Amino acid sequence: MINEISFSAKNIGKTYHNLLKDDTVALSDINLDIYKGEFISIIGPSGCGKSTLLRIIGGLDKPTTGTLTYSGGENPELGFVFQDSVLLPWKNVRENAGFPLKIKKIETEDNYKKLDELLELAGLEDFKDSLPRELSGGMKQRVSIVRALSYDAPMLLMDEPFGALDAITRDHLNIELLKIWDKTKKTVLFVTHSIEEAVFLSDKVIVMSPRPGRIKEIVNIDLPRPRDENTRNSEQFSKYNQYLREMIG
Ligand SMILES: Nc1ncnc2c1ncn2[C@@H]1O[C@H](COP(=O)(O)OP(=O)(O)OP(=O)(O)O)[C@@H](O)[C@H]1O
Ligand SMILES: [Mg+2]
């Protein structure tokens, strides 16, 4: 199969101009090709520009220098999942997950059928009528993921989506996410603080260096798929973790 580029960044830089202090160079010289269907994680120290890069790729922020090219044409609307699930408290799970369909005026029977399939895939079929306050943190994040997938966004951008969850829930959701990814074949760009999470999920891990954020290395993760609990116990898994931990220091 010929690998098709999903997204390309050339010489992306971002400088924030501050009124009362020196400018912040958040990103510099970012060159990146992401192929369709890849699962890519970004790790690096706090403040190295991970969220900035994701926002720029998602079109929520403009780069100071460089160019972005998307395979689907100009700046497509990409699915975003943030650390906080930001659900509408008065709407139930199905209404929250399907909110983009309403906004985009694409509330077709077919799209709702797909939505229900995604809710089932995310283990939420029995909670469609529940309100956000009736859900656990992990369930809320699953609703956010389904919402981001509810319309046909070519790429899913996730900024520490499981960062606020306990380790057991996080491990569980990582497996769920891989199942959803496998079914939907989306390109995923995933920011995390956890080396283990990045290794477990990804085809490639992008390691960023401290400010000004640059790409230090891109590590291919050649662990077999599908990945499950056994993956975490494997010797290869530990080797990747150790390698990345040493690199980040
Ligand atoms: N809107 C903004 N205005 C000014 N400076 C900003 C703005 N957003 C981010 N920065 C600065 O840019 C740098 C990169 O921030 P960013 O949020 O991208 O880091 P990060 O890698 O996501 O960090 P963390 O791991 O803590 O989430 C930081 O020094 C931050 O202070
Ligand atoms: Mg961040």
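The values are calculated or read from the model by the stated rules, or taken from the named source; none is laboratory data. Note that the coordinates shown come from a computational prediction; the quantities given were computed from them, not determined experimentally. Cβ atoms come from the backbone with ideal geometry, glycine included; neighbour counts cover every protein chain shown. For the accessible areas, the whole protein counts, side chains as well, though only heavy atoms, and no ligand, DNA or RNA atoms are used. Shrake-Rupley method; radii C 1.70, N 1.55, O 1.52, S 1.80 Å.
Remarks
- Share of carbon and sulfur in the accessible heavy-atom surface of the stretch 1-100 [1.4 Å probe, %]: 53 percent
- Taking all protein chains as shown and a probe of 1.4 angstrom, residue 108 keeps an accessible surface of around 60 Å².
- Helices in the chain, meaning DSSP H runs of at least 4 residues, each add -39500 (n - 2.57). Divided by all residues, the mean residue ellipticity at 222 nm is -10500 deg cm²/dmol.
- Rounded to the nearest 20, the Cβ-based charge dipole of the stretch 125-249 about its Cα centre (Lys and Arg +1, Asp and Glu -1) stands at 400 debye.
- At the residue level, residue 155 shows approximately 10 square angstrom of accessible surface with a 1.4 angstrom probe and all protein chains present.
- Qualifying lysines (Cα of each under 20 Å from Cα of residue 91; at least 8 residues distant if same chain): 102, 104, 105, 113, 114, 128, 140
- Residue 240 - accessible surface, heavy atoms, 1.4 Å probe, Å² rounded to 10: 50 Å²
- Of interest is the spacing of the C-alpha centroids, which for the stretch 204-235 and the stretch 30-83 amounts to 17 Å.
- Count Lys and Arg as plus one, Asp and Glu as minus one, and take only other residues whose Cβ is under 9 Å from that of residue 6; the net charge is then -2.
- Build a GNM of the chain with springs between Cα atoms under 10 Å apart, and of 153, 122, 164 the one that fluctuates most is 164.
- 3J(HN,Hα) along the stretch 11-28, derived from phi through the Karplus expression 6.51 cos²θ - 1.76 cosθ + 1.60 where θ = phi - 60°, amounts to 6, 6, x, 9, 10, 8, 8, 9, 5, 9, 9, 4, 4, 9, 8, 7, 9, 8 Hz, with x in place of Gly and Pro.
- Largest to smallest in accessible area, the residues 193, 17 fall in the order 17, 193 (1.4 Å probe, all protein chains included).
- Probing with 1.4 Å while keeping every protein chain in the model, the per residue accessible area of the chain equals 52 Å².
- Only protein atoms count toward the accessible area here, which uses a 1.4 Å probe; on the stretch 115-249, the carbon and sulfur part of that area reaches 48 percent.
- Theoretical gain in end-to-end length, residue 233 to residue 91 [0.36 nm per residue, Cα-Cα removed]: 47.1 nm
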